[in-house]
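Report on the structure given below.
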Amino acid sequence: MIRILTIETTCDETAAAVVTDQLQVLGAVVASQDDLHQRFGGVVPEVASRAHVERILPVIDQALRQAGVELFDLDAVAVANRPGLAGSLLVGLMAAKTLCFAYDLPLIAIDHLQAHIYAGRISSGRDIFPCVGLIVSGGHSNLYRCQTALDFTPLGSTIDDAAGEAFDKVASMLGLNYPGGPAIERAAQGGDPKRFRLPRPLLADSSRLDFSFSGLKTSVRYQLFGPGRVKKGTGPIFTPNATKHQDEPSENWTCPLFHAQLVADMAASFQAAVIDCLVGKAMLALERTNSKRLCVGGGVAANTSLRKALEAESAERGFELIVPPLALCTDNAVMGAIAIERYYASEFEDLDLDITAGLVRN
């Protein structure tokens, strides 16, 4: 039995897991940093990297203890070295290199985005390739033709903001907490998704498979804070003596207090616009590539409304949909089991392996 330690530090989750060549998870640990970044309304790279330094060894130790294995029992160490935040990636990579040097273990590089799609392979328990892969998270909104677990061809990407980033920024405008995705989803449950007319950028352009969420975010801002909309003590959407809504703003909160129904309606309207764009382009990608299977990964894939919309549209069009369980959508080290594919292909790295922080636009 092959046992691999996988390490994930691409953004603000410090994670480690021990997986086998049968895709068994012997141990898995994730240390979240949400509480550290909440008051900033988003991930601060320097804060994230310092937290990784503090947590990486305890997280690895706990994963090994769960798995009941020692470092000398391992057959390889795998680490996500691309893409992500430079400081965060370096912490994971240096930890992996050190273990490989000390215990004479092979080093395997993991592409974080390929791993998100591979989470569907893990959860389904069967081969899912070829497929179209949709990765949607705080830093990525991408479409790929996935011939195999390691052979990805870019089809489209965001030309500005990622969907998850837009969720965070709109949540901040509404006075909701970070992370914005879950906060928007909760607020939207009691909202009218048709109250605000918001754009669906690039959705009508069938010639390209790209996304754009910057204009949508700006439209929300104009409708909330445009001339005459927000004025202390007056205006249709401002309540000067209101109490804070369910998701308490951070200590840096400076937004006016909106009517609770306004927050719910805008959250629902914004969420619906994002979902329309994601689903529409995903369906177009399937048609353009003559594919029959869509696999979705990334933190935004945990959104219940998005999952339901993808299910409904896929069923109507006769496509197979694979979406991992929630725990495998957000960043984790279990999806690093894609390293098994590289292990059997003998794709090992030298100890001079470096990070690739940015994502090359297609």
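The values are calculated or read from the model by the stated rules, or taken from the named source; none is laboratory data. Computed from a prediction, not measured in an experiment: that's the story for all the values here. FYI the Cβ positions are ideal-geometry reconstructions off the backbone, even for glycines, and counts take in every protein chain you see.
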Legend entry - Criterion violated by Cys131 - all others in (1) crowded, with 20+ Cβ neighbours inside 10 Å; (2) out of contact with any strand residue (DSSP E or B) (no Cβ under 8 Å at 6 or more places or on another chain) satisfied: (2)
Inset, instruction - Residues that are surrounded by 18 or more Cβ atoms within 10 Å (Cβ to Cβ): find the helices (runs of 4 or more DSSP H) completely inside region 276-362 holding 3 or more of those. - result: 304-317, 339-344
Inset, instruction - Assess whether Gln38 counts as being farther than 25 Å from Ser346 by Cβ, under 18 Å from the mean Cα position of the chain (by Cα) and touching a residue at least 40 places away in the same chain (Cβ under 8 Å). - result: yes
Legend entry - Index of the failed condition, Asn241 passing every other in (1) closer than 26 Å to Leu326 by Cα; (2) at pLDDT below 95; (3) surrounded by fewer than 16 Cβ atoms within 10 Å (Cβ to Cβ): (1)
Inset, instruction - For region 144-163, enumerate the residues that are buried (at least 23 other Cβ atoms within 10 Å of the Cβ) and under 25 Å from Gly41 (Cα atoms). - result: Thr158, Ala162, Ala163
Inset, instruction - Kindly indicate whether Ala63 is within 17 Å of Ala333 (Cα to Cα), assigned to a strand (DSSP E or B) and modelled with pLDDT of 95 or more. - result: no
Legend entry - Checklist (1) at pLDDT below 95; (2) within 23 Å of the chain's Cα centre (by Cα); (3) part of a helix (DSSP H, G or I) applied to Leu262, failing item: (2)
Inset, instruction - Search region 293-304 for residues that are at pLDDT 95 or above and pair each with any residue that is part of a helix (DSSP H, G or I) and of a type in the set (Asp, Glu) when their beta-carbon atoms are under 9 Å apart and the residues are at least 6 apart or on different chains. - result: Ala302/Glu185; Asn303/Glu185; Thr304/Glu185
Inset, instruction - Write out, first by first residue and then by second, each pair whose Cβ atoms fall under 7 Å of each other, whose residues are 6+ apart or on separate chains, and whose first residue, in region 92-118, is outside the structural domain of Thr148 (by TED's automatic domain parsing) and surrounded by fewer than 24 Cβ atoms within 10 Å (Cβ to Cβ) while the second is acidic (Asp, Glu) and part of a strand (DSSP E or B). - result: Leu107/Glu349; Ala109/Glu349
